[in-house]
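Everything below concerns the one structure shown next.
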Amino acid sequence: MRLEDLKQQYPETPEFIHQMILDEVEKQMKNNTMNEWEAASRRKKRKRPWTFKRTAAAVLAASMALGTVGFAAVSIYHLSMKENGKYGVDTGITSDTDEGKSAPLPEKISDVKIQADYIPEGMQWRDEDHLEYKENRVSGAFSMITLLLDTESDELDITDTDVIEKEKTEFGDHDGIYIKMKSKTEFNQKIYLLCPEVHRILIMHIGEDVAREEAYKVASGIKLVETGEMLDTSEVWSWSEYVGQETETEETSEIRTSVPKKDIPIHEIGEAFPLDVSGTDVDGNYVRTYDPGTDMDTNDAQTYDPGIDVEVQVDSVEIADDLSLLDEEFMEDKCKDSIGPDGKLVKNQLSYIKKGDGIHTLDETIRTEEVDQKLVLVTVSYTNKGDKEIDNVCYNGNILLINETDDDYRIYSYDSEIGDIAGSYDEISGQAYDYIEQTGFTGRGRIYSSLRSDFGMGGNYIPALKPGESVQVKMAWITNETDLENMYLNLCDTGGLWEFSEDMTETGIVDIRQ
Amino acid sequence: MTKEQLGTLIIASEQQMYATAKAILKEDNDCADAIQEAIVKAFGKVENLKEDKYARTWLMRIVMNECYNVIRRGSRQVSLENCPEAAAMTEPERKDYSPLYDAVRRLKEELRIVTTLYYVEEFSIREIAAILEISEGAVQKRLARARAKLRNSLDYMEVEW
């Protein structure tokens, strides 16, 4: 038995997942306009996560014989619209009586079907939730979802941002709110339609290709009709869940983007220094040059070989306007897109963006500029200083862009999520900006590795390094000319473009500034 | 990449998506949820994919994110990480698992994922590094640790490493 046989021994995709994938792909192909909320809605109808709070509520409902009649007496709902800053709108639902808050939901509730008295010319129903253009099925049109007004929905607001038009009005028999947003997506309009007669709210996502007047006509003719199919209430997607998911914040992990100068060695070009590497011995056993330490278990320790010792040094750094220094055989395919008709690297267009909060301000491009891109070719020597051959040595290299302060090295990136570019000051426009959009190749990682081995399929391996032997490897990147003066090279096999790893602070980085 | 091409890719990647999800989640129902969400998000974000050649790694990254979202969303869903006794559980399909797969299931999540991506889904070290957003060296280290652990737990078998 070989580990490579694992593929044959892995369980096959269950039939219901296979069928779900086929169905979902087909649905998505037809339904270019479905958004994440609808997907969530569909999922929730099938299965709903059971938080402690919901479990407790369900237990309570199940234990109350009168639970199913309380819901019929739930009070009248109202839709509220409040301005939130210049570009924010808070939409909320309130009920008339306090009893509504505590009334348990029935265990079953009828499903509803959307009916429209008015359908714009040229549109048709695609499915029960979508109106589409007959001639252009991938265009925006209407996409609708219904949400249950559960007992937790009372006084919960949702905030729409980047709103440039808004109105609270009546659409036929229903109260509603219309909003239009400055948005890059094709759905830039929305109508909330309160349907208290079926304890629902309907949300219409409306494409930019639909006139506001047409949207009003459709909304005015909407009816939610009970189908009689009884659903488990706990399975129906509700307003409170919708609001909860809308306000959920992404979890972000801590990234170490700055390090005190005293805590990281800086090596010069031509300076050799020890590097932890991994590979195999002549018998094919996995070995590494470093002590795995206490965070690894005894199995890992067995592969530590103190008789292996590797040094590394940067021999040279070359800068070019084209790719003529590279051997085409080892180039990444994406390199071809970096060359213009003149054979030179194309310029990189930078857009300096000041982020809006969507409430008081909108995203704004404060300035654009074009900068030259350069090829950075680095030649690195790996030398086996030990007395044992090591094969299939994994090599790695990443260019870090670093701003130096009196005390720290600070990694910067054009992305606002990495480093501290947010709030940077643009001297030319005289304004602060939060991130930079770019069209070029800077920051996309290594484009060239001159030595390959079949080991591990990744390619970036030195086939063999005998005792006393040195092997040269060439690696290349494309970067903005303006960043050449801030380049440092990380040769550790951990850490990346955007963070200082523990290995890097122990091993050090190489100053390759030009 | 067009939506038609994405649809073709997704259908062709069915087993890879399942294997990825199964490396993180215990229950097939949860795997289904994560994959379904991933498909929807992939279609919604396909225009952001700049280079088609990275579509497969991009898709797997989305699947993994959705697996973690499934874990975060509800306490009922259980990740393999929180269920180290997974191999001893009595789920119906469990009896069909091979000893090798069983041993992989017992690995820590970070090792199980790289093992699955490398040996089952046949991604390259570089692709796995992109999917997991770690360095290639870190991928290789994890693979080595996984191999060592598997060798230890399967030492009674004639496993070639």
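Quick notes on this structure:
- Dividing the Cα radius of gyration of the range A:148-211 by 2.2 N^0.38 Å, with N the residue count, gives 1.18.
- With the simple spin-label model, which puts each label point 7 Å out from Cα in the Cβ direction, the A:Gln124 to B:Glu4 separation comes to 2.0 nm.
- Put in line by how crowded their Cβ is, counting other Cβ atoms within 10 Å and starting with the fewest, A:Lys168, A:Lys262 read A:Lys262, A:Lys168.
- Using θ = phi - 60° in the Karplus curve 6.51 cos²θ - 1.76 cosθ + 1.60, the 3J(HN,Hα) couplings for the range A:268-280 round to 9, 4, x, 8, 8, 8, x, 9, 6, 9, 10, x, 10 Hz; x is entered for Gly and Pro.
- Binned Cα-Cα distance frequencies in the range A:330-416 - 5 Å width, integer %: 3, 8, 10, 13, 15, 15, 13, 10, 6, 3, 2, 2, 1, 0
- Contour minus Cα-Cα distance for A:Thr94 and A:Lys134 (0.36 nm per residue): 10.5 nm
- Exposure proxy order (Cβ contacts within 10 Å, fewest to most) of A:His199, A:His18: A:His18, A:His199
- Given their separation in residues at 0.36 nm each and the Cα-Cα distance between them, A:Lys7 and A:Val371 gain 126.3 nm when the chain is fully extended.
- For the residues of B:16-25, the average number of beta carbons from a partner chain within 10 Å of their own beta carbon is 3.
- Sorting A:Trp239, B:Trp58, A:Trp125 by the number of Cβ atoms found within 10 Å of their own Cβ, with the fewest placed first, yields A:Trp125, B:Trp58, A:Trp239.
Bear in mind that the values in this text are calculations on the coordinates, not laboratory data. Model, not experiment: these values are computed from the prediction. Please note: Cβ atoms are built from the backbone with ideal geometry, for glycine as well, and neighbour counts cover all protein chains shown.
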